[in-house]
Amino acid sequence: MTLADRLREIVGSVNVLTDAAATAPYLTDWRKRFTGRALAVVRPGSTAEVSAIVSACAEQGTPVVPQGGNTGLVGGATPDDSGTAVVISLVRMSRVRAVDALGGTITVEAGCTLQAVQQAARDSGRLFPLSLAAEGSATIGGNLSTNAGGTQVLRYGNARELALGLEVVLPTGQVWDGLRGLRKDNTGYDLRDLFIGAEGTLGVITAACLKTFPLPRAQTTALAGLDSVDAALELLALAQSQAGPALTAFELFSDFCLQLVERQFEDHRSPFGQRHAQYVLLELSDHEGEAHADGMMQSIAERALADGLIADAAIAQSVSQARSLWALRELISEAQMREGRNIKHDIAVPISAIGRFVHETDSLLAGRLPGARMVVFGHLGDGNLHYNVSAPIGMSEETFLALQPDVYNCVHDQVARYAGSISAEHGIGQLKRAENARYKSAIEMDLMRSIKQAFDPRGIMNPGKVI
(Lines give C-alpha, C1' and ligand atoms only; values in the text may rest on other atoms or scores of the structure.)
Protein backbone atom coordinates (compact mmCIF):
# COMPACT_ATOMS: atom_id res chain seq x y z
CA MET A 1 0.00 0.00 0.00
CA THR A 2 1.35 3.41 -0.93
CA LEU A 3 1.56 6.27 1.56
CA ALA A 4 -1.15 8.10 -0.37
CA ASP A 5 -3.44 5.07 0.02
CA ARG A 6 -2.77 4.97 3.76
CA LEU A 7 -3.57 8.66 4.05
CA ARG A 8 -6.87 8.11 2.23
CA GLU A 9 -7.74 5.38 4.70
CA ILE A 10 -7.08 7.76 7.59
CA VAL A 11 -8.97 10.88 6.45
CA GLY A 12 -11.01 9.76 3.43
CA SER A 13 -10.21 10.32 -0.23
CA VAL A 14 -11.89 13.74 -0.33
CA ASN A 15 -9.38 15.06 2.20
CA VAL A 16 -6.24 13.86 0.40
CA LEU A 17 -5.46 16.32 -2.38
CA THR A 18 -2.98 15.39 -5.10
CA ASP A 19 -4.35 17.14 -8.18
CA ALA A 20 -2.30 20.21 -9.18
CA ALA A 21 -5.27 22.56 -9.21
CA ALA A 22 -6.52 21.36 -5.81
CA THR A 23 -3.13 21.56 -4.10
CA ALA A 24 -2.02 24.89 -5.61
CA PRO A 25 -3.52 27.16 -2.87
CA TYR A 26 -1.53 25.27 -0.23
CA LEU A 27 1.83 25.39 -2.02
CA THR A 28 2.44 29.13 -2.38
CA ASP A 29 2.90 31.51 0.53
CA TRP A 30 0.78 34.63 1.05
CA ARG A 31 3.44 36.97 -0.36
CA LYS A 32 3.97 34.69 -3.37
CA ARG A 33 7.68 34.54 -2.69
CA PHE A 34 7.86 30.76 -2.18
CA THR A 35 6.20 27.99 -4.17
CA GLY A 36 6.83 24.32 -3.50
CA ARG A 37 5.49 20.91 -4.45
CA ALA A 38 3.99 18.18 -2.29
CA LEU A 39 3.31 14.47 -2.43
CA ALA A 40 -0.14 15.32 -1.08
CA VAL A 41 -2.07 17.87 0.93
CA VAL A 42 -3.97 16.14 3.75
CA ARG A 43 -6.79 17.72 5.75
CA PRO A 44 -7.36 15.86 9.02
CA GLY A 45 -10.43 16.47 11.12
CA SER A 46 -9.16 15.34 14.52
CA THR A 47 -6.04 14.97 16.62
CA ALA A 48 -6.26 11.19 16.19
CA GLU A 49 -6.11 11.64 12.43
CA VAL A 50 -3.10 13.97 12.70
CA SER A 51 -1.41 11.36 14.88
CA ALA A 52 -2.09 8.61 12.33
CA ILE A 53 -0.86 10.79 9.44
CA VAL A 54 2.40 11.69 11.18
CA SER A 55 2.93 8.04 12.23
CA ALA A 56 2.53 6.91 8.63
CA CYS A 57 4.92 9.56 7.38
CA ALA A 58 7.45 8.78 10.13
CA GLU A 59 7.53 5.11 9.17
CA GLN A 60 8.63 6.05 5.66
CA GLY A 61 10.75 9.07 6.58
CA THR A 62 8.42 11.37 4.66
CA PRO A 63 8.69 15.07 5.51
CA VAL A 64 5.68 16.75 7.12
CA VAL A 65 4.79 20.44 6.67
CA PRO A 66 2.10 21.70 9.10
CA GLN A 67 -0.06 24.53 7.77
CA GLY A 68 -2.75 26.75 9.25
CA GLY A 69 -4.34 29.61 7.33
CA ASN A 70 -1.28 30.03 5.09
CA THR A 71 -1.04 33.72 5.96
CA GLY A 72 2.61 33.62 7.05
CA LEU A 73 5.16 36.09 5.72
CA VAL A 74 8.40 34.06 5.78
CA GLY A 75 7.54 30.86 3.89
CA GLY A 76 7.32 28.81 7.06
CA ALA A 77 4.31 26.75 5.96
CA THR A 78 5.37 26.18 2.33
CA PRO A 79 7.05 22.91 1.28
CA ASP A 80 10.25 22.82 -0.74
CA ASP A 81 10.25 21.95 -4.45
CA SER A 82 11.26 18.30 -4.02
CA GLY A 83 7.65 17.10 -4.06
CA THR A 84 8.36 14.58 -1.29
CA ALA A 85 6.56 16.28 1.62
CA VAL A 86 3.04 15.84 2.94
CA VAL A 87 1.36 19.13 3.82
CA ILE A 88 -0.98 18.78 6.80
CA SER A 89 -3.60 21.49 6.58
CA LEU A 90 -5.40 21.93 9.90
CA VAL A 91 -8.27 24.09 8.63
CA ARG A 92 -10.89 21.39 9.31
CA MET A 93 -9.87 21.25 12.99
CA SER A 94 -11.80 24.35 13.97
CA ARG A 95 -13.83 23.38 17.04
CA VAL A 96 -14.03 25.36 20.24
CA ARG A 97 -13.66 22.57 22.76
CA ALA A 98 -14.37 24.41 26.00
CA VAL A 99 -14.91 27.85 27.46
CA ASP A 100 -14.30 28.49 31.16
CA ALA A 101 -15.39 32.06 31.82
CA LEU A 102 -14.71 31.88 35.55
CA GLY A 103 -11.29 30.33 35.04
CA GLY A 104 -10.50 32.75 32.23
CA THR A 105 -9.67 30.12 29.61
CA ILE A 106 -10.81 28.97 26.20
CA THR A 107 -9.68 25.69 24.63
CA VAL A 108 -9.70 25.56 20.85
CA GLU A 109 -8.38 23.43 18.03
CA ALA A 110 -5.48 24.68 15.96
CA GLY A 111 -7.53 25.32 12.83
CA CYS A 112 -9.79 27.86 14.54
CA THR A 113 -9.32 31.26 12.96
CA LEU A 114 -8.19 33.97 15.32
CA GLN A 115 -11.43 35.81 14.64
CA ALA A 116 -13.48 32.74 15.64
CA VAL A 117 -11.55 32.48 18.92
CA GLN A 118 -12.15 36.17 19.61
CA GLN A 119 -15.89 35.75 18.96
CA ALA A 120 -16.21 32.61 21.08
CA ALA A 121 -14.55 34.41 23.98
CA ARG A 122 -16.78 37.46 23.47
CA ASP A 123 -19.90 35.28 23.42
CA SER A 124 -18.99 34.17 26.94
CA GLY A 125 -18.44 37.76 28.07
CA ARG A 126 -14.65 37.52 27.85
CA LEU A 127 -11.84 38.99 25.73
CA PHE A 128 -9.20 37.11 23.77
CA PRO A 129 -6.88 40.00 22.95
CA LEU A 130 -4.59 38.71 20.20
CA SER A 131 -5.44 40.85 17.15
CA LEU A 132 -3.92 40.86 13.65
CA ALA A 133 -4.86 42.27 10.28
CA ALA A 134 -5.22 38.69 8.97
CA GLU A 135 -7.35 37.47 11.89
CA GLY A 136 -10.18 36.38 9.60
CA SER A 137 -7.98 33.71 7.99
CA ALA A 138 -4.96 33.24 10.27
CA THR A 139 -5.39 30.24 12.56
CA ILE A 140 -4.52 29.88 16.21
CA GLY A 141 -2.08 27.04 15.42
CA GLY A 142 -0.16 29.29 13.07
CA ASN A 143 -0.30 32.17 15.56
CA LEU A 144 1.29 29.97 18.22
CA SER A 145 3.81 28.42 15.84
CA THR A 146 5.20 31.87 15.03
CA ASN A 147 4.53 33.39 18.47
CA ALA A 148 2.43 36.09 16.83
CA GLY A 149 2.30 39.54 18.39
CA GLY A 150 -0.26 41.88 16.89
CA THR A 151 -1.55 45.21 18.06
CA GLN A 152 -2.20 44.58 21.76
CA VAL A 153 1.14 43.13 22.87
CA LEU A 154 1.69 46.33 24.83
CA ARG A 155 -1.00 45.28 27.32
CA TYR A 156 -1.44 41.50 26.94
CA GLY A 157 1.79 40.10 25.50
CA ASN A 158 2.61 37.84 22.53
CA ALA A 159 0.89 34.53 21.74
CA ARG A 160 3.29 32.81 24.14
CA GLU A 161 2.01 34.89 27.05
CA LEU A 162 -1.58 34.05 26.10
CA ALA A 163 -1.16 30.26 25.98
CA LEU A 164 -1.53 28.12 29.10
CA GLY A 165 -1.41 24.65 27.58
CA LEU A 166 -1.01 22.80 24.30
CA GLU A 167 -1.88 19.53 22.63
CA VAL A 168 0.87 18.47 20.22
CA VAL A 169 1.44 15.56 17.86
CA LEU A 170 5.12 14.66 18.08
CA PRO A 171 7.33 13.54 15.17
CA THR A 172 6.73 9.90 16.18
CA GLY A 173 2.96 10.33 15.95
CA GLN A 174 2.56 10.26 19.71
CA VAL A 175 0.30 12.88 21.28
CA TRP A 176 1.45 15.09 24.14
CA ASP A 177 -1.60 16.27 26.06
CA GLY A 178 -0.51 19.43 27.81
CA LEU A 179 -3.91 21.16 27.74
CA ARG A 180 -3.73 22.34 31.33
CA GLY A 181 -5.35 25.66 32.06
CA LEU A 182 -3.06 26.45 34.97
CA ARG A 183 -1.40 29.76 35.75
CA LYS A 184 1.13 27.95 37.92
CA ASP A 185 2.77 24.63 37.07
CA ASN A 186 6.36 24.42 38.25
CA THR A 187 6.98 20.72 37.62
CA GLY A 188 9.98 20.83 35.32
CA TYR A 189 10.94 22.01 31.87
CA ASP A 190 8.34 24.17 30.14
CA LEU A 191 7.60 21.98 27.12
CA ARG A 192 4.81 24.30 25.99
CA ASP A 193 7.20 27.14 25.27
CA LEU A 194 9.43 24.94 23.12
CA PHE A 195 6.62 24.37 20.63
CA ILE A 196 5.45 27.99 20.59
CA GLY A 197 7.56 29.84 18.04
CA ALA A 198 9.06 26.60 16.67
CA GLU A 199 7.15 26.91 13.37
CA GLY A 200 6.19 23.24 13.30
CA THR A 201 9.78 22.00 13.38
CA LEU A 202 9.30 20.06 16.64
CA GLY A 203 5.70 18.86 16.30
CA VAL A 204 2.19 19.74 15.15
CA ILE A 205 0.15 21.90 17.53
CA THR A 206 -3.41 20.53 17.36
CA ALA A 207 -5.13 22.43 20.20
CA ALA A 208 -4.44 25.11 22.79
CA CYS A 209 -5.79 26.31 26.11
CA LEU A 210 -5.66 30.11 26.00
CA LYS A 211 -6.11 32.93 28.49
CA THR A 212 -9.12 35.22 28.32
CA PHE A 213 -9.68 38.53 30.10
CA PRO A 214 -12.62 40.65 31.26
CA LEU A 215 -14.21 42.59 28.43
CA PRO A 216 -13.50 46.30 28.72
CA ARG A 217 -16.58 48.45 29.20
CA ALA A 218 -15.32 50.97 26.67
CA GLN A 219 -12.66 51.43 24.02
CA THR A 220 -11.52 54.73 22.60
CA THR A 221 -9.38 55.18 19.49
CA ALA A 222 -7.47 58.25 18.30
CA LEU A 223 -5.09 59.09 15.49
CA ALA A 224 -2.37 61.68 16.07
CA GLY A 225 -0.24 63.43 13.46
CA LEU A 226 3.32 64.33 14.45
CA ASP A 227 6.68 65.33 13.07
CA SER A 228 9.05 62.51 13.99
CA VAL A 229 9.56 59.08 15.53
CA ASP A 230 11.20 60.78 18.52
CA ALA A 231 8.01 62.77 19.11
CA ALA A 232 6.06 59.49 18.93
CA LEU A 233 8.28 58.03 21.66
CA GLU A 234 7.60 61.05 23.87
CA LEU A 235 3.89 60.63 23.19
CA LEU A 236 4.19 56.96 24.23
CA ALA A 237 5.73 57.97 27.56
CA LEU A 238 2.98 60.53 28.10
CA ALA A 239 0.18 58.10 27.25
CA GLN A 240 1.61 55.41 29.52
CA SER A 241 1.99 57.83 32.41
CA GLN A 242 -1.63 59.00 32.08
CA ALA A 243 -3.41 55.78 31.06
CA GLY A 244 -1.22 53.03 32.50
CA PRO A 245 -2.46 49.55 31.53
CA ALA A 246 -5.52 51.07 29.83
CA LEU A 247 -3.23 51.85 26.87
CA THR A 248 -3.73 48.68 24.84
CA ALA A 249 -2.39 49.76 21.43
CA PHE A 250 0.17 52.28 20.21
CA GLU A 251 0.83 51.92 16.49
CA LEU A 252 3.25 54.00 14.42
CA PHE A 253 3.16 54.51 10.65
CA SER A 254 4.73 57.01 8.30
CA ASP A 255 3.00 59.34 5.85
CA PHE A 256 4.24 57.22 2.97
CA CYS A 257 2.41 54.24 4.49
CA LEU A 258 -0.76 56.33 4.62
CA GLN A 259 -0.27 57.44 1.03
CA LEU A 260 -0.02 53.80 -0.05
CA VAL A 261 -3.32 52.98 1.66
CA GLU A 262 -5.04 56.00 0.16
CA ARG A 263 -3.74 55.13 -3.31
CA GLN A 264 -4.70 51.45 -3.18
CA PHE A 265 -7.95 51.80 -1.20
CA GLU A 266 -9.76 54.93 -2.37
CA ASP A 267 -12.45 54.73 0.33
CA HIS A 268 -9.88 55.16 3.10
CA ARG A 269 -8.59 58.68 3.65
CA SER A 270 -6.67 60.64 6.28
CA PRO A 271 -8.93 62.53 8.70
CA PHE A 272 -6.53 65.48 8.65
CA GLY A 273 -6.48 68.48 6.33
CA GLN A 274 -2.70 68.41 6.01
CA ARG A 275 0.06 65.81 5.84
CA HIS A 276 2.25 64.82 8.79
CA ALA A 277 5.55 62.97 8.71
CA GLN A 278 4.35 60.30 11.17
CA TYR A 279 1.10 59.06 12.66
CA VAL A 280 0.30 57.24 15.86
CA LEU A 281 -2.86 55.21 16.42
CA LEU A 282 -3.74 54.94 20.10
CA GLU A 283 -6.34 52.72 21.73
CA LEU A 284 -7.50 52.84 25.34
CA SER A 285 -9.48 49.97 26.88
CA ASP A 286 -11.30 51.07 29.99
CA HIS A 287 -13.15 49.16 32.70
CA GLU A 288 -15.02 52.15 34.11
CA GLY A 289 -17.02 53.32 31.11
CA GLU A 290 -17.10 55.47 27.97
CA ALA A 291 -17.01 58.81 29.76
CA HIS A 292 -13.88 57.83 31.66
CA ALA A 293 -12.18 56.43 28.55
CA ASP A 294 -13.04 59.50 26.48
CA GLY A 295 -11.81 61.76 29.26
CA MET A 296 -8.45 59.96 29.42
CA MET A 297 -7.97 60.16 25.66
CA GLN A 298 -8.96 63.82 25.57
CA SER A 299 -6.54 64.59 28.39
CA ILE A 300 -3.67 62.82 26.60
CA ALA A 301 -4.41 64.66 23.34
CA GLU A 302 -4.67 68.08 25.03
CA ARG A 303 -1.44 67.58 26.95
CA ALA A 304 0.39 66.33 23.83
CA LEU A 305 -0.81 69.34 21.83
CA ALA A 306 0.18 71.76 24.59
CA ASP A 307 3.65 70.18 24.85
CA GLY A 308 4.15 70.31 21.08
CA LEU A 309 4.42 66.52 20.74
CA ILE A 310 1.64 66.29 18.17
CA ALA A 311 0.36 68.67 15.51
CA ASP A 312 -3.20 67.33 15.31
CA ALA A 313 -5.45 64.58 16.67
CA ALA A 314 -8.68 62.89 15.61
CA ILE A 315 -10.59 61.02 18.33
CA ALA A 316 -13.16 58.50 17.07
CA GLN A 317 -16.71 59.37 18.11
CA SER A 318 -18.25 56.04 17.12
CA VAL A 319 -17.38 52.41 16.48
CA SER A 320 -17.45 53.01 12.73
CA GLN A 321 -15.03 55.91 13.03
CA ALA A 322 -12.71 53.78 15.16
CA ARG A 323 -12.78 51.04 12.53
CA SER A 324 -11.97 53.59 9.84
CA LEU A 325 -8.93 54.79 11.78
CA TRP A 326 -7.78 51.22 12.39
CA ALA A 327 -8.16 50.42 8.69
CA LEU A 328 -5.52 53.05 7.86
CA ARG A 329 -3.06 50.97 9.87
CA GLU A 330 -4.26 47.46 9.07
CA LEU A 331 -4.34 47.91 5.28
CA ILE A 332 -0.69 48.93 5.01
CA SER A 333 0.66 45.44 4.25
CA GLU A 334 -1.99 44.77 1.63
CA ALA A 335 -1.43 48.20 0.08
CA GLN A 336 2.31 47.63 -0.10
CA MET A 337 1.81 44.22 -1.72
CA ARG A 338 -0.49 45.77 -4.35
CA GLU A 339 2.15 48.41 -5.02
CA GLY A 340 4.70 45.73 -5.88
CA ARG A 341 7.04 43.26 -4.28
CA ASN A 342 9.05 44.54 -1.36
CA ILE A 343 11.80 43.65 1.05
CA LYS A 344 10.30 43.17 4.50
CA HIS A 345 11.95 43.41 7.89
CA ASP A 346 10.17 42.37 11.07
CA ILE A 347 12.64 43.70 13.61
CA ALA A 348 12.72 44.56 17.28
CA VAL A 349 15.06 47.02 18.95
CA PRO A 350 14.96 48.61 22.41
CA ILE A 351 12.08 51.08 22.46
CA SER A 352 14.25 53.98 23.52
CA ALA A 353 16.55 53.42 20.50
CA ILE A 354 13.89 53.28 17.78
CA GLY A 355 14.26 56.93 16.77
CA ARG A 356 18.02 56.63 16.34
CA PHE A 357 17.68 53.30 14.54
CA VAL A 358 15.20 54.66 11.97
CA HIS A 359 17.20 57.84 11.33
CA GLU A 360 20.53 56.05 10.92
CA THR A 361 19.23 53.13 8.88
CA ASP A 362 17.18 55.35 6.57
CA SER A 363 20.36 57.31 5.85
CA LEU A 364 22.41 54.17 5.20
CA LEU A 365 19.83 52.78 2.78
CA ALA A 366 19.49 56.10 0.99
CA GLY A 367 23.21 55.96 0.29
CA ARG A 368 23.20 52.34 -0.86
CA LEU A 369 19.88 52.32 -2.71
CA PRO A 370 19.01 55.85 -3.87
CA GLY A 371 15.28 56.36 -4.30
CA ALA A 372 14.30 53.48 -2.03
CA ARG A 373 10.83 54.05 -0.62
CA MET A 374 10.63 53.28 3.09
CA VAL A 375 7.42 51.72 4.39
CA VAL A 376 7.98 51.90 8.14
CA PHE A 377 5.22 50.99 10.57
CA GLY A 378 4.63 48.81 13.57
CA HIS A 379 4.01 48.29 17.24
CA LEU A 380 6.03 51.12 18.74
CA GLY A 381 4.92 50.31 22.27
CA ASP A 382 6.79 46.98 22.26
CA GLY A 383 9.72 47.94 20.01
CA ASN A 384 8.58 45.96 16.95
CA LEU A 385 8.89 47.71 13.58
CA HIS A 386 7.98 46.45 10.13
CA TYR A 387 10.85 48.25 8.50
CA ASN A 388 10.04 47.57 4.85
CA VAL A 389 11.62 48.76 1.63
CA SER A 390 9.83 49.27 -1.69
CA ALA A 391 11.72 49.62 -4.95
CA PRO A 392 12.76 53.01 -6.32
CA ILE A 393 10.41 54.30 -9.02
CA GLY A 394 11.35 52.75 -12.36
CA MET A 395 13.43 49.85 -10.97
CA SER A 396 12.22 46.42 -12.06
CA GLU A 397 11.14 43.94 -9.40
CA GLU A 398 13.76 41.46 -10.57
CA THR A 399 16.58 43.99 -10.14
CA PHE A 400 15.20 45.15 -6.82
CA LEU A 401 14.77 41.68 -5.28
CA ALA A 402 18.29 40.75 -6.36
CA LEU A 403 19.45 43.43 -3.91
CA GLN A 404 17.69 41.74 -0.97
CA PRO A 405 20.89 40.23 0.52
CA ASP A 406 22.58 43.64 0.57
CA VAL A 407 19.51 45.32 2.06
CA TYR A 408 19.22 42.57 4.67
CA ASN A 409 22.86 42.98 5.62
CA CYS A 410 22.49 46.72 6.03
CA VAL A 411 19.30 46.59 8.12
CA HIS A 412 20.12 43.50 10.16
CA ASP A 413 23.64 44.70 10.95
CA GLN A 414 22.00 47.82 12.35
CA VAL A 415 19.56 45.68 14.35
CA ALA A 416 22.49 43.69 15.79
CA ARG A 417 24.32 46.90 16.64
CA TYR A 418 21.34 47.93 18.73
CA ALA A 419 21.11 44.48 20.40
CA GLY A 420 17.82 43.77 18.64
CA SER A 421 16.16 40.82 16.90
CA ILE A 422 15.77 40.17 13.16
CA SER A 423 12.36 38.58 13.75
CA ALA A 424 9.92 40.01 16.26
CA GLU A 425 6.67 38.23 15.36
CA HIS A 426 6.73 36.75 11.83
CA GLY A 427 9.12 33.90 12.49
CA ILE A 428 12.14 32.66 10.54
CA GLY A 429 10.71 30.17 8.05
CA GLN A 430 12.68 29.86 4.83
CA LEU A 431 13.16 33.56 4.30
CA LYS A 432 15.43 34.29 7.26
CA ARG A 433 17.02 30.91 7.91
CA ALA A 434 20.48 31.97 6.75
CA GLU A 435 20.08 35.32 8.50
CA ASN A 436 19.23 33.57 11.75
CA ALA A 437 22.45 31.59 11.64
CA ARG A 438 24.39 34.76 10.84
CA TYR A 439 23.19 36.74 13.84
CA LYS A 440 22.67 34.13 16.55
CA SER A 441 25.70 33.00 18.52
CA ALA A 442 27.23 29.59 17.90
CA ILE A 443 26.07 28.50 21.35
CA GLU A 444 22.47 29.47 20.61
CA MET A 445 22.49 27.64 17.27
CA ASP A 446 24.03 24.53 18.85
CA LEU A 447 21.39 24.50 21.58
CA MET A 448 18.61 24.86 19.00
CA ARG A 449 20.06 22.03 16.90
CA SER A 450 20.30 19.84 20.01
CA ILE A 451 16.63 20.42 20.80
CA LYS A 452 15.67 19.69 17.18
CA GLN A 453 17.70 16.47 17.24
CA ALA A 454 16.17 15.34 20.52
CA PHE A 455 12.58 15.88 19.35
CA ASP A 456 12.96 15.02 15.66
CA PRO A 457 16.04 12.84 15.06
CA ARG A 458 14.91 11.90 11.54
CA GLY A 459 14.38 15.54 10.60
CA ILE A 460 10.91 15.05 9.11
CA MET A 461 9.15 17.99 10.78
CA ASN A 462 8.99 21.01 8.49
CA PRO A 463 12.53 20.59 7.15
CA GLY A 464 14.41 23.61 5.82
CA LYS A 465 12.79 26.03 8.26
CA VAL A 466 14.26 27.99 11.22
CA ILE A 467 17.57 26.07 11.51
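When Ala243 is evaluated against the numbered criteria (1) modelled with pLDDT of 95 or more; (2) touching a Pro at 6+ places or on another chain (Cβ under 9 Å), which criterion, by number, is the only one it fails?
(2)
List the pairs whose first member sits in region 48-68 and is in the same structural domain as Thr84 (by TED's automatic domain parsing) and surrounded by fewer than 20 Cβ atoms within 10 Å (Cβ to Cβ), whose second member is at pLDDT 95 or above and in a strand (DSSP E or B), and whose Cβ atoms are under 8 Å apart, counting only residues at least 6 apart or on separate chains?
Close Cβ pairs (under 8 Å, with a partner that is at pLDDT 95 or above and in a strand (DSSP E or B)) amount to Thr62/Val86.
If you scan region 138-162, which residues turn out to be crowded, with 19+ Cβ neighbours inside 10 Å, farther than 20 Å from Val91 by Cβ and not aromatic (Phe, Trp, Tyr)?
Listed by number, the residues that qualify are Asn147, Gly149, Gly150, Thr151, Gln152, Val153, Leu154, Arg155, Asn158, Leu162.
Exactly one of these conditions fails for Glu266: (1) under 30 Å from Val466 (Cα atoms); (2) at pLDDT below 95. Give me its number.
Looking at each condition in turn, Glu266 falls short on (1).
Where residues in region 305-328 are in contact with a Ser or Thr (Cβ under 8 Å, 6 or more places away or on another chain) and surrounded by 20 or more Cβ atoms within 10 Å (Cβ to Cβ), which of them is farthest from Leu258 (Cα to Cα)?
Ala316
Quick grid of which residues meet (1) within 28 Å of Ser423 (Cβ to Cβ); (2) aliphatic (A, V, I, L, M); (3) not assigned by TED's automatic domain parsing to the domain that holds Val175:
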{"residue": "Val14", "(1), (2), (3)": "no, yes, yes"}
{"residue": "Asp19", "(1), (2), (3)": "no, no, yes"}
{"residue": "Leu39", "(1), (2), (3)": "no, yes, yes"}
{"residue": "Gly45", "(1), (2), (3)": "no, no, yes"}
{"residue": "Thr78", "(1), (2), (3)": "yes, no, yes"}
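Taking the criterion of being within 22 Å of the chain's Cα centre (by Cα), assigned to a helix (DSSP H, G or I) and free of Cβ contacts under 8 Å to residues at least 12 places away in the same chain, would at least one residue in region 435-456 satisfy it?
Among the residues of region 435-456, not one is within 22 Å of the chain's Cα centre (by Cα), assigned to a helix (DSSP H, G or I) and free of Cβ contacts under 8 Å to residues at least 12 places away in the same chain, which makes the answer no.
Return only the number of the condition from (1) part of a helix (DSSP H, G or I); (2) under 24 Å from Glu161 (Cα atoms) that Gly429 does not satisfy.
Among (1) part of a helix (DSSP H, G or I); (2) under 24 Å from Glu161 (Cα atoms), the lone unmet condition for Gly429 is (1).
Matching residues to (1) farther than 27 Å from Gly36 by Cβ; (2) surrounded by fewer than 21 Cβ atoms within 10 Å (Cβ to Cβ); (3) at pLDDT 95 or above; (4) in contact with a Leu (Cβ under 6 Å, 6 or more places away or on another chain):
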position: Thr399; (1), (2), (3), (4): no, yes, yes, no
position: Ala424; (1), (2), (3), (4): no, no, no, no
position: Gly427; (1), (2), (3), (4): no, no, no, no
position: Lys432; (1), (2), (3), (4): no, no, no, no
position: Gln453; (1), (2), (3), (4): no, yes, yes, no
position: Arg458; (1), (2), (3), (4): no, yes, yes, no
position: Lys465; (1), (2), (3), (4): no, no, yes, no
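Tell me which helices (runs of 4 or more DSSP H) are completely within region 272-361 and hold 1 or more residues being under 25 Å from Pro216 (Cα atoms), or say none if there are none.
Values: elements: 290-306, 319-330, 332-339.
By residue number, 290-306, 319-330.
Looking at the structure I just gave you, is Ile347 under 19 Å from Tyr439 (Cβ atoms), within 20 Å of the chain's Cα centre (by Cα) and outside the structural domain of Ala222 (by TED's automatic domain parsing)?
Here the answer is yes, as Ile347 does meet what is asked.
Within region 278-294, can you find the residues that are farther than 19 Å from Ile354 by Cβ and surrounded by 15 or more Cβ atoms within 10 Å (Cβ to Cβ)?
Within region 278-294, Glu283, Leu284, Ser285, Asp286, His292, Ala293, Asp294 qualify.
Just to be sure I understand, how many residues within region 317-353 are closer than 30 Å to Thr399 by Cβ and either of a type in the set (Val, Ile, Thr) or in contact with a strand residue (DSSP E or B) (Cβ under 8 Å, 6 or more places away or on another chain) (or both)?
Number of matching residues: 13.
Step by step: first the residues of region 113-134, then only those that are over 17 Å from the mean Cα position of the chain (by Cα) and in a helix (DSSP H, G or I), then the one that is nearest to Leu284 (Cα to Cα). Which residue is that? Let's see the steps before the verdict.
Initial filter on region 113-134 (over 17 Å from the mean Cα position of the chain (by Cα)): 119-127.
If we keep only those that are in a helix (DSSP H, G or I) too, we end up with 119-123.
Values: Gln119: 20, Ala120: 22, Ala121: 20, Arg122: 18, Asp123: 22 Å.
Looking at residues that are over 17 Å from the mean Cα position of the chain (by Cα) and in a helix (DSSP H, G or I), I get Arg122.
The values are calculated or read from the model by the stated rules, or taken from the named source; none is laboratory data. Because the structure is a prediction, the values reported are computed rather than measured. Every residue, glycine as well, gets a Cβ built from its backbone with ideal geometry; the counts of neighbours run over all protein chains shown.
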